[in-house]
Amino acid sequence: MICWPRRLPRARPKPTFPTCSRCSTNWRDRCVMADPVPTVGLFGLGLIGSAVARRLCAAGFPVVGHDPDASRCAELAGLGGRAGAPRDVWQSDVVFSCVFDTGQLAELIRTAPDCRAVLVSVSTCDPDQMPGLAGQAAAKGITLIEAPVSGTSRALAEGTALLILAGDPGAADRIAPVLDAVAMARRHVGPIGNGNRAKLAINLVLGLNRAALAEGLVFAEKLGLDAERFLDLARASAAQSAVMDSKGAKMARREFSPQGRIAQSAKDFTLILDGAAAAGQGLPFARTYLQMMQAALAAGEGDLDNAAVLLPISRSRPE
């Protein structure tokens, strides 16, 4: 009789958790430089806020969030977090502000209670207002740091986005395990305000890359070329860019489900041009891009993905 070896069950892969950047230990194994697992709060559960929540819940952090949209709160519960009132969010050790603009961030700080939270602003805001907001927050015991996100909400959900940090480096260091869970890459660029200055300059480059790709695709189609085949060719050419990978298919297929909205790009480019004007610098390409964004808003396309810059370009006619 042949005796066959007994087949052993396959071992399940062990889950991976973020590693503390300060002591190189998995926070589940207890970081030697940290106290018990910090609680995390979220204001704003839109594209970016829900991506942050997804990362934090997957890493096992206790998350409480607030958003006026009940459906977004229900989505948070599905991820493993819970919805709460603003006072519940402010009881957290770390609070992420994922609101739309500087005005909404200012209102959060104005209505905040006295507490000891670290407030992480991931929104693209007016850099010149950030030092004043940091001072207002500090008067309530809150430490404000900037961490605007470079990357789409999809990239953020996958952990591949970049956080551009600015403000108190000690505060950023203390919450390193939380930041590690949100994004694998981050850079500290100096005092408060510099985070959004750097983010706006990056958004300028990125937005013009999107516009160039959109205009190239529109031109290729008008010449009779197939959009998707042209996109494949462009990827193999000297014109290749990361934008082709993140936005090219959306443009070629006219599929504009949002990962970053037209309305957000219009807001960001308004800040870019205002900042440039204050510095005495003209930005002709940025001004043209904002005009395209404004045309899309006027056509009711503000909630589409920013790849939809292709639409106002396609409606343009020769002068």
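Descriptive notes on the structure:
- A straight Cα-to-Cα reach below 16 Å connects residue 267 with the lysines 199, residues fewer than 8 places away in its own chain not being considered.
- The Cα atoms of the chain give a gyration tensor whose axes a ≥ b ≥ c have a/c of 1.5 or more with a/b no greater than b/c, which makes the shape oblate.
- Among beta bridges identified by DSSP and lying wholly in the chain, the antiparallel ones come to about 20 percent.
- Summary of the geometry: segment 234-289 and segment 174-191, compared by the centres of their Cα atoms, lie 25 Å apart.
- Cβ-based charge dipole, the chain, positive-most Cα from 291, 246, 57: 57
- Cβ-based exposure ranking for 215, 255, in which fewest neighbours within 10 Å come first: 255, 215
- Protection proxy ranking of 183-190, 141-148 - average other beta-carbon atoms within 10 Å, highest first: 141-148, 183-190
- Extended-chain gain in nm, criterion 0.36 nm per residue less alpha-carbon gap, residue 297 and residue 277: 4.9 nm
- Projected label points at residue 316 and residue 228, each 7 Å from Cα along the beta carbon direction, are separated by 2.7 nanometres.
- Cα shape, segment 214-273, gyration tensor, a/c 1.5 rule: prolate
- Backbone geometry of segment 164-169 corresponds, through the Karplus equation with coefficients 6.51, -1.76 and 1.60 at θ = phi - 60°, to 3J(HN,Hα) couplings of 9, 8, 8, x, 4, x Hz, x marking Gly and Pro.
- Structural size metrics of segment 183-319, computed from C-alpha coordinates, are Rg and Dmax of 15.7, 51 Å.
- Peptides 96-104, 51-59, 270-278 ranked from most to least packed give 51-59, 96-104, 270-278, packing being the mean of other C-beta atoms within 10 angstrom over each peptide's residues.
- The shape of segment 49-142 comes out prolate: with a ≥ b ≥ c from the C-alpha gyration tensor, a/c is at least 1.5 and a/b beats b/c.
- Whichever aspartates and glutamates have a C-alpha closer than 18 Å to that of residue 250, once near sequence neighbours (fewer than 8 apart) are set aside: 215, 221, 226, 228, 232, 301, 303, 305
- Contact order for the chain, expressed relative to its length and based on alpha carbon pairs under 8 Å spaced 6+ residues apart, stands at 13 percent.
- Long-range HN-HN contacts of residue 96 with modeled amide H, under 5 Å: 41, 42, 43, 120
- Burial ranking of peptide ranges 121-129, 157-165 (average Cβ count within 10 Å, highest at the top): 121-129, 157-165
- Distant-in-sequence amide H partners of residue 186 (H built 1.01 Å from N, under 5 Å): 163
Coordinate-derived values only; no laboratory data. What you see is a predicted model; the values in this text were computed from it and never measured. Positions of Cβ are generated from backbone atoms using ideal geometry, with glycine treated the same way; all protein chains shown enter the neighbour counts.
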